[in-house]
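The next block holds one structure in the form of structure tokens; read it before the comments.
The values are calculated or read from the model by the stated rules, or taken from the named source; none is laboratory data. Because the structure is a prediction, the values reported are computed rather than measured. Here the Cβ positions follow ideal geometry from the backbone for every residue, glycine too, while neighbour counts run over all protein chains shown. We work out accessible area using only protein heavy atoms, side chains counted, and drop any ligands, DNA or RNA first. Shrake-Rupley method; radii C 1.70, N 1.55, O 1.52, S 1.80 Å.
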Amino acid sequence: MSMQRVLSEPIGRCTAKASCPKRHATIAEGDIATWREHMLRASDPLIHAEIAMAELVSMKCSGQVSHQLQKKAGLAKAFRKRGGTLDSLEEHEEPLLQEGEKAPEIVGFTFRQATTTMFNCMVGASVLALPFAVAKAGLFGFVVLSAVACMMGATAYLIGANLAIVAERPEAKDVPPSCHDWSLIGSIAFGSSGKAVISILFLCDLSSCLVTFLIASGINLPLIAPELLEPVSATVLSGILAFGLLYVPIRFFAYFSVLGIVAQLVMFLFLLMTGAGVAREDPGLIANDFKLIDATALTGMLGCFIGCFNAHSTVPTVYQNVIDKSQWFGIVFTSTMMAFAFYTIVGLVGYAAFGHQVSQAFTANLGRNMKGEPLDGMEFMAPLSAALIATKMLVTVPAMSRPIVAFIEARARFAQGWVGSMLIKASLTTVLTVLAVLGRSMLPYVTAVRGAVVQVLIAIVMPQAAFITLQWDTLTMARKSCLILLAIGAYLVTVPGAVEDVRVIAAAAR
């Protein structure tokens, strides 16, 4: 089976000949892993960001789908590195099936798998700060959270619509479906200049995400060994561990594919058990300091609510691997509603059980009452949850760091050789760790700034702008005006809160 045949197969299917003899890849004596590492030398940061998203999504699912996503990430590297043509890959054939191996019936996402993966992509570090955000904003924060869920779900669906539109364009006919992503949307909708802007946004998104991950890890590690670690030393340790993990091949992180779901489930159950324990110990303390709204705090926490639903960087990867594209609306709707229900329960229970004593990461409150005293039989909850969350954050660092490292290596003259590469990786982790140390006690505000400044552009403005551009000739003037005003208004409403969050962070850093 030629590589052209492999790339032209519809996503979600895998066919085999009646007889498929075992062949060896012609790449460096069959060492496909080494060759894939070499493909990372490409200089386009958006290409690396998309490959990283494919790798991240593969870590958030399991089984044959995870294997297929890792394979497609490798094909995408090769396709772009070797001139962007199908013929350029002919010499690098690798058999889909070995002799005697049966073709899998499904190598794409079913409805259930796609919904679960989307939900897992949505739930990230932002959930840790959600009870704190609700405690600051008041109960009206749930109204804002529902509005954000509707907007983010709509734009996630719009990304799928953009990919369907782009797939029909002549420019996309020679591009394999596994490479239909933000890079292709940016090229066709906005040209080279627009694609450069998208690349910058992706780099900013990845960098800010890495900072929040290091902060979250630094907050949780002291819960495991409080007598040995403090937030500062734990954050520095997280940076050191992140640097070491940059040298671990991505394929080893596939073993952590179910860790995200396990961590979320454990946290959720422990939160409910802690809430029940607080209510049993002193029922009068539950929900005794609820407030309806704090308008000033609400604007500041808006970015935190936006960050709760931002899976838009990974949406193209999920969409292209859905077997039945007609189910896309249902997948987005179901996963968004699942995330909304999850966040609502976490925020409400956390706020009711801990009130204004809730920590910036609610894992510190698990197994404890409002006074911070351990509840009988629940002392293990905080350390166990912290260990799962810290591990989940750290194992995603390598994939998210790769686009940034590749971008710098392609432009730095001293990057040649392992010494130069090591210096770049060390410098990157040092800068990120310093920023994480400065914001170690400001996780909700850092998350809010990231959501209000970067994620709102990627998740809300960019999908609408691409749709308007791609459909300019078919949209009525009224629809164009509504979409443009909606995109501009969605961004402008986050500006006051972002300014306030930056002021709070700056004051705390002094």
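Figures for the structure shown
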quantity	calculated
Which listed residue, of G377, G372, is within 30 Å of G284 (Cβ to Cβ), in contact with a helix residue (DSSP H, G or I) (Cβ under 8 Å, 6 or more places away or on another chain), open to solvent by 10 Å² or more (accessible area, probe 1.4 Å) and not in a helix (DSSP H, G or I)	G372
Residue within segment 463-474 that is open to solvent by 50 Å² or more (accessible area, probe 1.4 Å) and assigned to a helix (DSSP H, G or I) present	yes
Selection status of S359, not basic (K, R) and not in a helix (DSSP H, G or I)	yes
Among the candidates A149, A164, A156, residue that is in contact (Cβ under 8 Å) with a residue 60 or more places away in the chain and either among the hydroxyl-bearing types (S, T, Y) or crowded, with 23+ Cβ neighbours inside 10 Å (or both)	A156
Residue that is out of contact with any Ser or Thr (no Cβ under 9 Å at 6 or more places or on another chain), over 28 Å from A452 (Cα atoms) and open to solvent by less than 60 Å² (accessible area, probe 1.4 Å), where the choices are L285, L272	L285
A399 being crowded, with 19+ Cβ neighbours inside 10 Å, in contact with an Asp or Glu (Cβ under 8 Å, 6 or more places away or on another chain) and in a helix (DSSP H, G or I)	yes
Qualifying positions in segment 313-348 - within 20 Å of the chain's Cα centre (by Cα) and not in a helix (DSSP H, G or I)	S313, T314, N321, V322
Some residue of segment 348-366 being more than 23 Å from S217 (Cα to Cα) and crowded, with 23+ Cβ neighbours inside 10 Å	yes
Residue among V456, V504 that is touching a residue at least 40 places away in the same chain (Cβ under 8 Å), part of a helix (DSSP H, G or I), in contact with a Phe, Trp or Tyr (Cβ under 6 Å, 6 or more places away or on another chain) and more than 26 Å from V358 (Cα to Cα)	V456
Extreme residue, surrounded by the most Cβ atoms within 10 Å (Cβ to Cβ), among residues of segment 308-346 that are in contact (Cβ under 8 Å) with a residue 24 or more places away in the chain and more than 22 Å from A161 (Cα to Cα)	C308
